[in-house]
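K.L.:
The structure is given below, and queries will be raised subsequently.
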Amino acid sequence: MNYRLDNRVALENDAPRVDIVEKVKGTAKFTTDYYLPNMMWAAFIRSDYGNAKVMSSNLAAAKAVKGVLEVVLDKIAGRYQGDRIGYICADSRQAMEQGLRALDLKFQARYPRARLEEERTPMADMKPADDEARAQQALDQSDVVVEAEFQTQVQTHCCLEPHGCLVDYRGDSALAYGSTQSNQGSRQDLARDLGLRPDQVDFRCEYVGGGFGSKFGAGNEGRLAAQLSKKFKRPCRVILTRKEEHLDTGNRPGSIQYMKIGLSHDGEIRGGRVTTWGSVGPTGGGQDTAGGGGGGGVRNPSRYDFGTIAKGHEDVCLNGGYPGPMRAPGHPQAMFAVELMIDHLAETIGMDPFEFRLRNETSDVRREMLKVGAELIGWKLNRKKAGEWPGTIKRGFGIGAGDWANRGSDATIQVNVYRNGLLEVVSGAQDMGQGYRTMIGDVVRTRLGLPRELLVVKVGRASYPPAPASGGSITSRSTAPKALVAAEMARDGLRKLVAAEWKLEDIDGVKLENGVFTADGGRSMEWAKACRLMSGDRFTCTNSQNGDFFKPSMQTHSEAVQFADVSVDTETGIVRVNKIVALQNVGLPVNRNTIENQMTGGVIQALSFCLFENRILNLMNGAMVNPNMDMYKIAGSMDVPEIVPIIWREDRNTAVNSLGEPPIVPTLGAIGTAVANAIGAQVRSTPIMPDKVLAALSEKGGVA
Amino acid sequence: MQPDQESKPGGVSRRQFLQGAGGAAAASSMLATLPQLALGKDAAEPAVRPGLKRISATGGNITLQINGQPAQVAITPDATLLRAVRESHGLTGAKEVCDRGACGACTMLVDGRSVNSCMMLAIDAVGKKITTVEGLVSDGQLDPVQRAFVQNDACQCGYCIPGFVVRSRALLNETPKPDRDQIKAGLCGNICRCAAYVRIFAAVEAAAKGGQA
């Protein structure tokens, strides 16, 4: 494992995350944990079916429930299950729930648009893509032409902390808590809804129970809580139920991906046609689902050099909840199809899929990762030709590639050094579990050579210095360079005080190492003592500049390659993942714990999407069959394989790259191609459930 | 097939059934104890079995033993233990996530055994020893499981972690030296959406090596 040892974290740091003690004690306060005095409970009234009209309701009975303050039905039809058609507000949770039951809504459900494969425009009727003629030429000039169609399902975010917001409007100010990936965006939303200036709204999200792309802005929950709090002059709480989470907080859209690709006998891909369809809500993509909308786009083709491609895409409207951004939107589903297609192409011309990838890889970094990963998984040693593993339980090996183009954003970091030596780092970004608190604190602390005991990190309030919304893997990327500069500003401020104390002309002669200031002549001063030289209670540095720690955007990609080792039981069709080797470029690594944790977590979440998760709509009425956590299967402890996370060679010029999306991109392709290698037939549809494995085997003519 | 269909009025969810059944069970057990003959005009308030308290539908107080302390908790008969502890008693470590026993985020110890507190009625917890994640800290010292979670970074967003910590404590009480497979099986009722499982397994292994609490 010399790759690990060679690439130890640049800021040599294995400390536990800074907020974990509060989390294991249960004292970390999430939005859902606030129950304010005199608080009202409110909830949306929702359509029960995908395409339904309200036939009757008992508004009077709902209003008559003791404690119910307001019931409003403002729509008479729902276009998807969970569509908001009104709301209820009550003194207590019990009254709110009783009121909803008393409302006794009856719907007439009509046939919904529920299946992507039925509602899409057929291939033949699709509008020709711009490059159609050139793509056709590439196909004509190819030695071999291969076509295939792939399908992926809808995945819901299912954040464990539900979407929600608490607003306490107090006339000329407001206090609000929200579960969000964008606390400053949320404050803007609420200020607008409450008719206040942003500075009058104290918005907090110090702990957020997962977002995965679904929690931008204050959302519909925030809007409702603000409206009711303002009206009744009382705090109002709107927290979704688990069922609502599945129905109306966005999802990863389903896809169908058709590919017709031509190549030469010696393995050069010439080009062809890629047509994709993505499922969106009843009126299209980008609608106002709680947490922001998204389209049904599929990032196919990508990563490999596919030559001249004519790409067509259609967003297909279904009577289901609107999609939203979800960890690397459009990418994991694309790479499932792309990797299987790459395998298919290689097999067609009789080339080893590994060699075929090396040949058509577009990134030098990934090409090297491929070689290292192959060694770690034992590609040459263990892998047999497709379907040739003996016995009924067959093992297979597969490859997945991915990356994420890094972008940065404006941000400001504040560093306060207190007279007692305390180091405080303040940022308005939010930590949804990615370890932002830890990363930003460790960047400053290690730059100054100070121990964790002196560190306090404050994030997650809108009043803190500006920071981007945490989406698209930009939080660390945008903030870390500014924090490094701020740390140096703080260091230089103290060097100045020390230089003056030592009667030195300038600060150049004063060094800070491991928390001790030194100068020629054997002079030295401890950090704590130097801090006491301050005249005020603290020393504040605020920085918005990147300094030397940032390459301009788009010059770096967080490349990723993963290898999967799976076992498939050819009698039951059950797939088990034995091992995943995950190689990941992170730029400048900061905290090994949080990096490896986010990498392995991304792999498991992608494994879960690949094998289990599925939003199933009732084809008769559009209602989701499994809007819960017992029937909506999410990978659990028994499904976790051995995962080997490899932090790729550090790149000090790149600064710190975020890890929200990149580790989740390659996994589906790796598992999908490993399953194909095991059974000798491709399962071209996720989730790879046992019935699909058995069907693929039977189509192939049984087990070899 | 008739394309148009109407929703069934008064469809009963599992949740409502549980809540309803709890109230009914409490009521019927109360009734069952009544000496029928004593039901006269002057028996408007029925006598009840000693230890069993009548809670009206609009709510009342019960005493729960939470983290070693008796606590007066205001509940309605249909309140789950989770809602009573979070919303009435103010201890919010245990989380409401699936609200039907499928994710383990609400796990508490009841008489030393781990239960999904969203699936237990508060009135059924009367007289039992309840330990929440907050109660694992004693004299300011973290439980060895909590310490191991900290040292192994066994967490991401942290919303599921109180449940994992309490379930891991129970697992180690049941099986003090579990192997990796026993840990996986022992935690299979808990879901971590961020999927910090690798670190959670390592933490439980470390806690097991560190010995019993």
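The values are calculated or read from the model by the stated rules, or taken from the named source; none is laboratory data. These figures come from a predicted structure and were not determined experimentally. Every residue, glycine as well, gets a Cβ built from its backbone with ideal geometry; the counts of neighbours run over all protein chains shown.
K.L.:
Which one is farthest from residue B:131 (Cα to Cα), of the residues in region B:82-102 that are aliphatic (A, V, I, L, M), at the interface with another protein chain (Cβ under 8 Å from one of its Cβ atoms) and surrounded by 24 or more Cβ atoms within 10 Å (Cβ to Cβ)?
P.N.:
In this case the residue turns out to be B:97.
K.L.:
I'm trying to understand the selection: among the residues of region A:320-355, which are crowded, with 22+ Cβ neighbours inside 10 Å and aromatic (Phe, Trp, Tyr)?
P.N.:
Selection gives A:322, A:336.
K.L.:
Go through region A:33-51 and give me each residue that's under 27 Å from residue A:235 (Cα atoms) and either of a type in the set (A, V, I, L, M, F, W, C) or at the interface with chain B (Cβ under 7 Å from one of its Cβ atoms) (or both).
P.N.:
A:33, A:35, A:36, A:39, A:40, A:41, A:42, A:43, A:44, A:45
K.L.:
Among residues belonging to region A:149-169 that are more than 15 Å from residue A:180 (Cβ to Cβ), away from every other protein chain (no Cβ under 14 Å) and not hydroxyl-bearing (Ser, Thr, Tyr), point out the one that is surrounded by the most Cβ atoms within 10 Å (Cβ to Cβ).
P.N.:
It comes out as A:150.
K.L.:
Does residue A:581 qualify as being within 30 Å of residue A:656 (Cβ to Cβ), touching a residue at least 24 places away in the same chain (Cβ under 8 Å) and within 21 Å of the chain's Cα centre (by Cα)?
P.N.:
Here the answer is yes, as residue A:581 does meet what is asked.
K.L.:
Still on this model: For region A:585-638, give me each residue that is β-branched (Val, Ile, Thr) and either at pLDDT 95 or above or farther than 24 Å from residue A:365 by Cβ (or both).
P.N.:
A:600, A:603, A:604, A:616, A:625, A:634
K.L.:
Could you please let me know if residue A:607 is within 14 Å of chain B (Cβ to nearest Cβ), more than 25 Å from residue A:671 (Cβ to Cβ) and of a type in the set (A, V, I, L, M, F, W, C)?
P.N.:
It is false that residue A:607 is within 14 Å of chain B (Cβ to nearest Cβ), more than 25 Å from residue A:671 (Cβ to Cβ) and of a type in the set (A, V, I, L, M, F, W, C).
K.L.:
Among the strands (runs of 3 or more DSSP E) confined wholly to region A:376-479, which include 2 or more residues that are under 30 Å from residue A:536 (Cα atoms)?
P.N.:
A:413-418, A:423-427, A:455-459
K.L.:
Considering only residues that are over 23 Å from residue A:348 (Cα atoms), in a helix (DSSP H, G or I) and among the charged types (D, E, K, R), which ones fall in region A:659-702?
P.N.:
Scanning region A:659-702 gives a single hit, A:691.
K.L.:
I'd like to check something: does region A:178-199 contain any residue that is aliphatic (A, V, I, L, M) and under 26 Å from residue A:622 (Cβ atoms)?
P.N.:
no
K.L.:
Please indicate, with yes or no, whether at least one residue in region A:169-176 is over 23 Å from residue A:466 (Cα atoms), in contact (Cβ under 8 Å) with a residue 60 or more places away in the chain and not basic (Lys, Arg).
P.N.:
Looking for residues that are over 23 Å from residue A:466 (Cα atoms), in contact (Cβ under 8 Å) with a residue 60 or more places away in the chain and not basic (Lys, Arg), one finds at least one in region A:169-176, hence yes.
K.L.:
Would you pick out the residues in region A:75-91 that are within 34 Å of the chain's Cα centre (by Cα) and outside any strand (DSSP E or B)?
P.N.:
Those that are within 34 Å of the chain's Cα centre (by Cα) and outside any strand (DSSP E or B): A:75, A:79, A:80, A:81, A:82, A:83.
K.L.:
Find the residue count for region B:156-184, including only residues that are closer than 27 Å to residue A:29 by Cβ, out of contact with any Gly (no Cβ under 8 Å at 6 or more places or on another chain) and not in a helix (DSSP H, G or I).
P.N.:
So the answer is 0.
K.L.:
Anything in region A:610-643 that is touching a residue at least 40 places away in the same chain (Cβ under 8 Å) and acidic (Asp, Glu)? List them, or say none.
P.N.:
Within region A:610-643, A:613, A:639, A:642 qualify.
K.L.:
A further question follows. Quick one: residue A:645 ticks every box in (1) at the interface with chain B (Cβ under 9 Å from one of its Cβ atoms); (2) surrounded by 24 or more Cβ atoms within 10 Å (Cβ to Cβ); (3) at pLDDT 95 or above; (4) not in a loop (DSSP other than H, G, I, E, B) except a single one, so which number is it?
P.N.:
(2)
K.L.:
Go through region A:489-525 and count every residue that is β-branched (Val, Ile, Thr) and loosely packed, with under 15 Cβ neighbours inside 10 Å.
P.N.:
1
K.L.:
How many residues, within region A:505-521, are modelled with pLDDT of 95 or more and part of a loop (DSSP other than H, G, I, E, B)?
P.N.:
1
K.L.:
Against the definition (touching a Ser or Thr at 6+ places or on another chain (Cβ under 6 Å) and at pLDDT below 95), how does residue A:178 come out, yes or no?
P.N.:
No, not satisfied.
K.L.:
Of all the residues that make up region B:103-131, how many are hydroxyl-bearing (Ser, Thr, Tyr), buried (at least 24 other Cβ atoms within 10 Å of the Cβ) and either part of a loop (DSSP other than H, G, I, E, B) or away from chain A (no Cβ under 12 Å) (or both)?
P.N.:
The number of residues fulfilling the criteria is 1.
K.L.:
Additional query: For region B:187-200: of the residues being part of a loop (DSSP other than H, G, I, E, B), within 16 Å of residue A:435 (Cα to Cα) and facing chain A (nearest Cβ under 7 Å), which is nearest to the chain's Cα centre (by Cα)?
P.N.:
Looking at the filtered set, the residue picked out is B:193.
K.L.:
Could you tell me which of the residues B:146, B:151 is facing another protein chain (nearest Cβ under 9 Å) and surrounded by fewer than 24 Cβ atoms within 10 Å (Cβ to Cβ)?
P.N.:
B:151
K.L.:
Tell me the residue from B:184, B:209, B:177 that is surrounded by fewer than 21 Cβ atoms within 10 Å (Cβ to Cβ) and at the interface with chain A (Cβ under 7 Å from one of its Cβ atoms), please.
P.N.:
B:184
K.L.:
Scanning region A:179-238 for residues that are assigned to a loop (DSSP other than H, G, I, E, B) and charged (D, E, K, R), which turns out farthest from residue A:160 (Cα to Cα)?
P.N.:
A:197
K.L.:
Here is a follow-up. Among the residues of region A:83-133, which ones are crowded, with 19+ Cβ neighbours inside 10 Å, within 14 Å of chain B (Cβ to nearest Cβ), of a type in the set (D, E, K, R) and closer than 30 Å to residue A:153 by Cα?
P.N.:
Selection gives A:113 alone.
K.L.:
Within region A:563-589, take every residue that is among the aliphatic types (A, V, I, L, M) and surrounded by fewer than 24 Cβ atoms within 10 Å (Cβ to Cβ) and give me the one that is nearest to the other protein chains (Cβ to nearest Cβ).
P.N.:
If we take residues in region A:563-589 being among the aliphatic types (A, V, I, L, M) and surrounded by fewer than 24 Cβ atoms within 10 Å (Cβ to Cβ), then A:574 is nearest to the other protein chains (Cβ to nearest Cβ).
K.L.:
Condition first: away from chain B (no Cβ under 14 Å) and surrounded by fewer than 23 Cβ atoms within 10 Å (Cβ to Cβ). Now tell me which residues in region A:225-255 satisfy that.
P.N.:
Those that are away from chain B (no Cβ under 14 Å) and surrounded by fewer than 23 Cβ atoms within 10 Å (Cβ to Cβ): A:227, A:230, A:231, A:232, A:233, A:234.
K.L.:
Could you list, in sequence order, the residues of region A:325-334 that are farther than 13 Å from residue A:472 by Cβ and small (Gly, Ala, Ser)?
P.N.:
A:334 - this is the single residue of region A:325-334 that is farther than 13 Å from residue A:472 by Cβ and small (Gly, Ala, Ser).
K.L.:
Going through region A:256-265 one residue at a time, which ones are crowded, with 24+ Cβ neighbours inside 10 Å and not aliphatic (A, V, I, L, M)?
P.N.:
A:257, A:262
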